[in-house]
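The values are calculated or read from the model by the stated rules, or taken from the named source; none is laboratory data. Since we're looking at a predicted model, the values are computed, not measured. Here the Cβ positions follow ideal geometry from the backbone for every residue, glycine too, while neighbour counts run over all protein chains shown.
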Amino acid sequence: MINGTNCHLIYDGQTVASKHRKHIRDHHRTKELKTYIKQKTGMSEAAFADIDWQSHKRSVNTFKDGPHIFLVKFLHGWLPVGKLVSRYNPVKYPSACPSCDEPVEDSKHFLTCPNPERRKWHAALKTSLRRRAHRVPERIAHLLHSQTTIGWDNFFLGRWSRHWTTLQLQYLQRNHIEGKKKNHGLSWSSNIIRLLWDHCYKEWKTRNSARHGKDAEDKAQRRLETAHRSIRDLYDPKPRCSLQAQRHYFYPTVEDHFRIDSDARSLENWLETYQAMIMPNIRHRRNNSDLRLRQIDDVFNLIRTVPPRDPTPTMAPRQRTPTLTTRPINTYFRPLRITSPTPTLETPTTTARTTSTSNNPTTTAPRPP
Ligand SMILES: [Zn+2]
């Protein structure tokens, strides 16, 4: 009965007697999450039901050794490893492992990288586990079978078989060991699960150091290398850009670019400004090429009457070279004689055309007599 009313809450055919809001919230979200996990891992219904979800939930709620966002991404395979982030930009974010020669770094490789520096966490984890769980349950056939069905990959994700806590309790009773808060039940299992995640988070930080650098100097160098790599990748298709784009967006050579913009910040600014324009320019020009159309600036460049300025390394990309369109208008037309008192019949056409562009009120077109 809901307080203050004469109503009962019935959810999924069952009456909810108390904690109505929590019940609705938990069951509504849990249902979708269970479906998602089963689909993603390919786990059977029996294996899913065999997982000790209480220990898992308690571990998630009490995990304080790292940011919660890390844990969510770790549990669902969304950590930004090379395989995932390279989909956004394969040049800026390479898919290879930062610590070894593995060409594609996925979530599994993150935990199994053979690099000696990266493997140190295995030994540290074993040491920590021995401290907390040195008393391994003796009759573990059921346990092994159950956890194998669930998957040992899921063991690291805190999806443990129910048999872990059951056998631990049986072991304590059989050996007349006093049951304390930390050596059995939910506390025991969730403590060890959190220990696993703690080591995984430390390993994630080690991996990030290998990717982005250990100290400030190393990080700055990695940042510069990333910017160089991205800019080189944009200079490769430079000949496929329109002539105007080549002149406005790029330096003469990529080496000139790196010599003039030597710091990572300038290079990143250039990327942010021009990257979004260069690739559409290439696509647009390719489409025109398929249609046998030429860019108008390519044509104007061919008939340029003023010789272009010599490209120098100090020329900024956006500085314009004088072209036909920048010439003064009087270089195209004859000078206008404004003070002529009696215009002749031969001049109206020229005069009228010129005055329409000059907007000078004193040079109105004379009327024919
Ligand atoms: Zn590796």
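Please verify whether the stretch 73-85 includes one or more residues that are outside any helix (DSSP H, G or I), out of contact with any Ser or Thr (no Cβ under 9 Å at 6 or more places or on another chain) and within 16 Å of the ligand (Cβ to nearest atom).
yes
A Cβ distance below 8 Å, combined with a sequence gap of six or more or placement on separate chains, defines the contacts here; from the stretch 99-114, residues that are at pLDDT 90 or above reach residues that are near the ligand (Cβ under 6 Å from one of its atoms) and part of a helix (DSSP H, G or I) in the pairs GLU102/HIS109. Within the stretch 98-135, the only residue that satisfies the criterion of being more than 20 Å from TRP197 (Cβ to Cβ) and of a type in the set (Lys, Arg) is ARG135.
Can TRP160 be described as at pLDDT below 90 and of a type outside the set (Val, Ile, Thr)?
no
Within the stretch 54-67, the set of residues being surrounded by fewer than 16 Cβ atoms within 10 Å (Cβ to Cβ) and under 20 Å from SER189 (Cβ atoms) comprises GLN54, LYS57, ASN61, THR62, LYS64, ASP65. For the stretch 58-69, the criterion of being touching a Ser or Thr at 6+ places or on another chain (Cβ under 7 Å) and among the acidic types (Asp, Glu) is satisfied by no residue at all. Scanning the stretch 16-49 for residues that are touching a helix residue (DSSP H, G or I) at 6+ places or on another chain (Cβ under 8 Å), surrounded by 10 or more Cβ atoms within 10 Å (Cβ to Cβ) and not aliphatic (A, V, I, L, M) gives LYS34, LYS38, THR41, SER44, PHE48. With respect to the stated conditions, TRP121 is within 28 Å of MET43 (Cβ to Cβ), within 16 Å of the ligand (Cβ to nearest atom) and in a helix (DSSP H, G or I).
Show the residue pairs meeting these rules: Cβ distance below 8 Å; 6+ apart or different chains; first residue within the stretch 1-15 and modelled with pLDDT under 80 and surrounded by 10 or more Cβ atoms within 10 Å (Cβ to Cβ); second residue in a loop (DSSP other than H, G, I, E, B) and not small (Gly, Ala, Ser). Cβ pairs passing all conditions: MET1/CYS7; MET1/HIS8; ILE2/HIS8. It is to be established whether one or more residues within the stretch 30-44 are touching a residue at least 40 places away in the same chain (Cβ under 8 Å), part of a loop (DSSP other than H, G, I, E, B) and closer than 25 Å to GLU102 by Cβ. Taking every residue of the stretch 30-44 in turn, none turns out to be touching a residue at least 40 places away in the same chain (Cβ under 8 Å), part of a loop (DSSP other than H, G, I, E, B) and closer than 25 Å to GLU102 by Cβ.
Where helices (runs of 4 or more DSSP H) fall wholly inside the stretch 159-265, the ranges with 1 or more residues that are among the acidic types (Asp, Glu) are 185-212, 216-235, 254-260.
Test PHE70 against the stated conditions and say whether it is of a type in the set (A, V, I, L, M, F, W, C), away from the ligand (no atom under 16 Å from the Cβ) and surrounded by 13 or more Cβ atoms within 10 Å (Cβ to Cβ). Here the answer is yes, as PHE70 does meet what is asked. The combined condition, being out of contact with any strand residue (DSSP E or B) (no Cβ under 9 Å at 6 or more places or on another chain) and either crowded, with 16+ Cβ neighbours inside 10 Å or outside the structural domain of ALA264 (by TED's automatic domain parsing) (or both), is not fulfilled by GLU225. Which residue is nearest to the ligand (Cβ to nearest atom), if the candidates are limited to the stretch 86-110 and must be surrounded by fewer than 17 Cβ atoms within 10 Å (Cβ to Cβ) and over 18 Å from the mean Cα position of the chain (by Cα)? Looking at the filtered set, the residue picked out is CYS100.
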